[in-house]
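Peer 1: Dumping the structure here so I can ask a few things about it.
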Amino acid sequence: MPMELTVQIRTGGYTGTPSDLAQVLDDVRNVFTRLPVNRVIIGWALLPEIYQQVASLVHDNGAELYLWLPVFSENGLLRDCSPVVGLGGQQAQPFELDDTESFDFYCPNTPANQNALLSIYDEYFAGIGFDGVFLDKIRYPSLASGVDSGLGCFCPRCQDTYSEAGIDIDALQSRISALPYLETPFGISGYQTGRYTFTDSVWDAFFSLRQSIVSVALRDQCTALRQLGLKIGLDVFAPFLSQFVGQDIALLSQLADFVKPMMYSTTLAPAGLPFETAALLRATGMEDDPQPYYRIIGYDLSMQPFDLYFCAREIDGLHKSCICPVHPGIEINKMPGVAPTTPEYISRCLEVYADSPGLVLSWNLLDMPPEHLDAVAAGLR
């Protein structure tokens with residue numbers, strides 16, 4: 001079967017300067033003339049007039065339109081949401097990328113935060129004609145926000161949940177406060193496609209429980225969205241990073257029509273593989289001697305900008321463990337200092353993920369240089 005192709009369009013956040021309607025329509029028309037696009041993901045600025053016109057254009061080309069929405073971040077701009085609480089009782093610190101996206105995270109274990117997504121969809125996006133929703137930020141903050149924030153949440157509700165699960169909160173907090181103190185991040189002793197083993201059972205119980213919290217919280221939301229006739233796509237971290245933000249990709253795949261692991265191998269921003277890996281190593285004191293960790297996961301540090309053979313093995317493992325199709329996401333936009341992509345890099349990614357059933361050209365078609373589009377078209381041929 002031919003590879004399914006999805007393109008992603010970022011129109012802006014709930015605040016900030018939105019995208020220009022004319023540019024969005026021009027870029028969508030252009031990509032349909034060049035590529036066999038099956039699906040368009042767009043969001044999440046409050047721009048119904050753009051989405052209505054894009055929906056008509058996408059459907060005329062026989063493709064599907066998914067609405068891109070954040071789940072446990074950003075929604076506090078429109079609803080009353082309670083933040084992830086760090087070890088010291090403070091609100092988790094957001095990572096500031098630009099004026100439209102703050103990466104502030106809300107506790108996935110709190111009902112009001114879980115209910116915000118459906119409320120926002122109903123008020124701002126219902127009736128536009130979306131075929132599905134693409135759910136982003138289904139996670140806790142990463143360690144890019146620091147240890148205290150990245151290893152939350154310690155709100156009263158979460159502390160009760162930890163205790164009910166048999167986790168010694170004092171022991172957990174003492175281990176967080178003592179970081180770094182082990183030879184590998186959190187005492188990792190083994191790894192296989194999204195699942196680490198730890199020498200310390202406290203870390204194993206903690207990371208596993210956070211994965212369960214996210215999966216349960218998302219389950220009810222996906223059920224409600226399907227009752228509205230919507231398909232489900234999920235944005236997830238690369239497998240080797242996913243456990244640290246509360247994502248069990250194989251478990252989440254049971255809720256979705258496809259999952260998109262963000263295999264952003266050049267990106268120096270949240271979800272970017274070099275960015276998040278550096279944050280993990282920094283938070284756990286491994287940045288000066290990362291080799292023990294890299295040996296465990298099977299990563300070749302000599303490969304630049306990132307070991308794409310390792311990435312290919314990661315995706316192959318997901319194909320075997322996930323219920324729904326896995327469509328790797330590669331960054332095709334070019335942003336100086338953030339996503340220094342090249343046509344050669346894109347061509348290489350197309351080769352690496354050629355056996356996947358689908359590919360997502362991420363994360364913004366509007367910032368895709370013409371030579372990048374040429375590279376995709378040539379690679380697909």
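Laboratory data are not the source of any read-out in this text; all were calculated from the coordinates shown. These figures come from a predicted structure and were not determined experimentally. Heads up, the Cβs are rebuilt from the backbone with ideal geometry, glycines too, and the neighbour counts pull from every protein chain shown.
Peer 1: Check residue 11: other-chain or 5+ apart residues with amide H under 5 Å from its amide H, H built from backbone geometry?
Peer 2: Residues meeting the criterion, in which the H sits 1.01 Å from N, are 43, 44, 45.
Peer 1: Only Cα pairs under 8 Å and at least 6 apart count here; give the relative contact order of the chain as a rounded whole percent.
Peer 2: 17 percent
Peer 1: A further question follows. With n ≥ 4 as the cut-off for DSSP H runs, can you work out [θ] at 222 nm for the chain, using -39500 (n - 2.57) per run divided by the number of residues, rounded to the nearest 500?
Peer 2: Theoretical 222 nm ellipticity from helices: -12000 deg cm²/dmol.
Peer 1: Using only the Cα atoms, what convex hull volume per residue in Å³ does the range 214-257 have?
Peer 2: So the per-residue Cα hull volume is 60 Å³.
Peer 1: Amide H to amide H under 5 Å from residue 134: which residues, 5+ apart in sequence or cross-chain, H placed 1.01 Å off N in plane?
Peer 2: Sorted by chain and number, the residues that satisfy this are 67, 68, 69, 233.
Peer 1: Step through the residues of the range 340-355 one at a time and calculate ³J(HN,Hα) from phi using the Karplus curve (6.51 cos²θ - 1.76 cosθ + 1.60, θ = phi - 60°), rounding each to whole Hz and writing x for Gly and Pro.
Peer 2: x, 6, 9, x, 5, 4, 5, 4, 5, 4, 4, 5, 5, 9, 4, 8
Peer 1: Something else about it: Take peptides 260-266, 370-376, 199-205 and line them up by average Cβ neighbours within 10 Å, highest first, as a rough protection proxy.
Peer 2: Packing order, densest peptide first, comes out as 260-266, 370-376, 199-205.
Peer 1: Which number comes out as Rg/Rh for the range 242-381 once both Rg and the Kirkwood Rh are worked out on C-alpha atoms?
Peer 2: Rg divided by Rh gives 0.96.
Peer 1: Sequence gap of 8 or more, or different chains, plus Cα separation below 19 Å: how many lysine pairs satisfy both in the chain?
Peer 2: 4
Peer 1: Subtracting the Cα-Cα distance from 0.36 nm times the residue separation, let me have the gained length for residue 77 to residue 288 in nm, one decimal.
Peer 2: 72.1 nm
Peer 1: Give me a comma-separated list of calculated 3J(HN,Hα) values for the range 193-201, in order, Karplus coefficients 6.51, -1.76, 1.60 applied at θ = phi - 60°, integers in Hz, x for any Gly or Pro.
Peer 2: With coefficients 6.51, -1.76 and 1.60, one gets 5, x, 10, 8, 10, 10, 6, 9, 5 Hz.
Peer 1: Tabulate in residue order the Karplus-calculated ³J(HN,Hα) for the range 364-377, using 6.51 cos²θ - 1.76 cosθ + 1.60 with θ = phi - 60°, rounded to whole Hz; enter x for Gly and Pro.
Peer 2: 7, 4, 5, 10, 8, x, x, 5, 6, 4, 4, 5, 5, 4
Peer 1: Report, largest value first, the span of the C-alpha coordinates of the range 292-350 along each principal axis, in whole Å.
Peer 2: Per principal axis, max minus min of the Cα coordinates gives 35, 33, 18 Å.
Peer 1: Would you please calculate the Kirkwood hydrodynamic radius of the range 191-303 over all C-alpha pairs and express it in Å, rounded to one decimal?
Peer 2: Details: mean 1/r = 0.0648 Å⁻¹.
After inverting the pairwise mean of 1/r, the radius is 15.4 Å.
Peer 1: Net charge around residue 60, counting only other residues with Cβ within less than 14 Å of its Cβ (Lys, Arg = +1; Asp, Glu = -1)?
Peer 2: For residues surrounding residue 60, the net value is -1.
Peer 1: With Cβ to Cβ distances under 10 Å as the rule, what net charge do the other residues near residue 43 carry (K, R +1; D, E -1)?
Peer 2: 0
Peer 1: Once Rh for the range 64-157 is found with the Kirkwood sum over Cα pairs, what is the Stokes-Einstein diffusion coefficient at 25 °C and 0.890 mPa s, in µm²/s?
Peer 2: After rounding, the answer is 177 µm²/s.
Peer 1: Moving on. Remind me, what semi-axes does the range 17-124 give for its equivalent ellipsoid, largest first in whole Å, using sqrt of 5 times each Cα gyration tensor eigenvalue?
Peer 2: Over the Cα atoms of the range 17-124, the semi-axes work out to 33, 15, 12 Å.
Peer 1: Going by how many other Cβ atoms sit within 10 Å of their own, how do 303, 368, 3 line up, fewest first?
Peer 2: Ordered by Cβ neighbours within 10 Å, fewest first: 303, 3, 368.
Peer 1: Checking a compactness column here: for the chain, what do you get for Rg(Cα) / (2.2 N^0.38 Å), N being the number of residues?
Peer 2: 0.95
Peer 1: Assuming 0.36 nm per residue, please report the length gained on full extension of the stretch residue 377 to residue 56 beyond their Cα-Cα distance.
Peer 2: Values: separation 321, 0.36 × 321 = 115.56 nm, distance 2.40 nm.
My answer for the length gained is 113.2 nm.
Peer 1: Indicate, rounded to the nearest 5 percent, the antiparallel portion of the DSSP beta bridges found entirely in the chain.
Peer 2: Among the beta bridges of the chain, antiparallel pairing accounts for roughly 20 percent.
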